[in-house]
Amino acid sequence: MARGSRYKLAFRRRREGKTDYRARLKLISLEKSRMVVRITNNHTIVQIIAVAQDGDETLVSAHSKEIQKMGWLGNGKNTSAAYLTGFLCGKKALEAGIDEAVLDIGLKSSIKGARMYAALKGAVDAGLFVPHNDSILPADERIRGEHVAAYAESLSDEEVKERFSQYIKNGLFPKDLPDHFEAIKQKIEEGS
């Protein structure tokens with residue numbers, strides 16, 4: 001370990017790679033709610049968080065398990081699920097009287113068309129105002145899963161069963177993914 005009078009130990013959460021305090025300070029100084037997008041190994045979580053004196057306060061939260069309860073048969077962390085989770089969070093935020101937020105991606109790298117931007121697009125499509133540049137958002141065809149359906153069409157029946165076994169096990173055929181996506185989006189729209 002380094003020694004000397006000028007050595008300064010970094011905060012624990014920074015050492016663990018969990019918090020970028022400079023970025024957090026900039027977001028907090030805006031005095032707006034933050035839209036936090038986190039994608040785990042199996043799920044997508046979108047939250048609207050406000051800074052409070054005693055720590056962060058979660059105002060609205062949406063989890064990909066909620067869209068699965070609504071009938072979503074796909075994975076909880078893919079681009080379509082991220083969009084639907086963001087859309088659900090946006091609808092909940094509007095119901096709670098929150099109409100504006102700032103995107104907080106944490107320590108994730110900003111990659112054009114990433115799943116966190118699909119969640120952002122979902123929240124924006126729901127009516128939540130989140131400042132962004134449209135060039136970072138994934139294409140609508142990708143969000144609906146049309147690329148998956150097209151790829152499944154190019155495969156033989158046996159290859160489809162092998163490569164999309166989890167979809168088929170859940171009762172969703174890959175070619176039906178765009179229609180299934182639209183049905184769940186409509187269900188979220190009607191539920192709010």
Inset, instruction - Filter the stretch 143-159 down to residues that are of a type in the set (Gly, Ala, Ser), open to solvent by 30 Å² or more (accessible area, probe 1.4 Å) and under 23 Å from Ala118 (Cβ atoms), then give me how many there are. - result: 1
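Could you grab me the full set of residues in the stretch 160-192 that are free of Cβ contacts under 8 Å to residues at least 12 places away in the same chain and open to solvent by 90 Å² or more (accessible area, probe 1.4 Å)?
Lys161, Glu162, Arg163, Lys169, Asp179, Gln186, Glu190
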Legend entry - Members of the stretch 165-190 found to be within 18 Å of the chain's Cα centre (by Cα) and hydrophobic (A, V, I, L, M, F, W, C), listed by number: Phe181, Ile184, Ile188
Legend entry - Unmet requirement for Ala62, which otherwise passes all of (1) closer than 20 Å to Arg115 by Cα; (2) at pLDDT below 95: (2)
Inset, instruction - Would you check if there is a residue in the stretch 133-140 being surrounded by fewer than 19 Cβ atoms within 10 Å (Cβ to Cβ), touching a residue at least 60 places away in the same chain (Cβ under 8 Å) and not basic (Lys, Arg)? - result: no
Inset, instruction - Assess whether Ile111 counts as being within 27 Å of Tyr21 (Cβ to Cβ) and assigned to a loop (DSSP other than H, G, I, E, B). - result: yes
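The values are calculated or read from the model by the stated rules, or taken from the named source; none is laboratory data. Since we're looking at a predicted model, the values are computed, not measured. Reconstructed Cβ throughout: ideal geometry from the backbone, glycine too, with neighbour counts over all protein chains shown. With ligands, DNA and RNA removed, areas are computed over all heavy atoms of the protein, side chains included. Shrake-Rupley method; radii C 1.70, N 1.55, O 1.52, S 1.80 Å.
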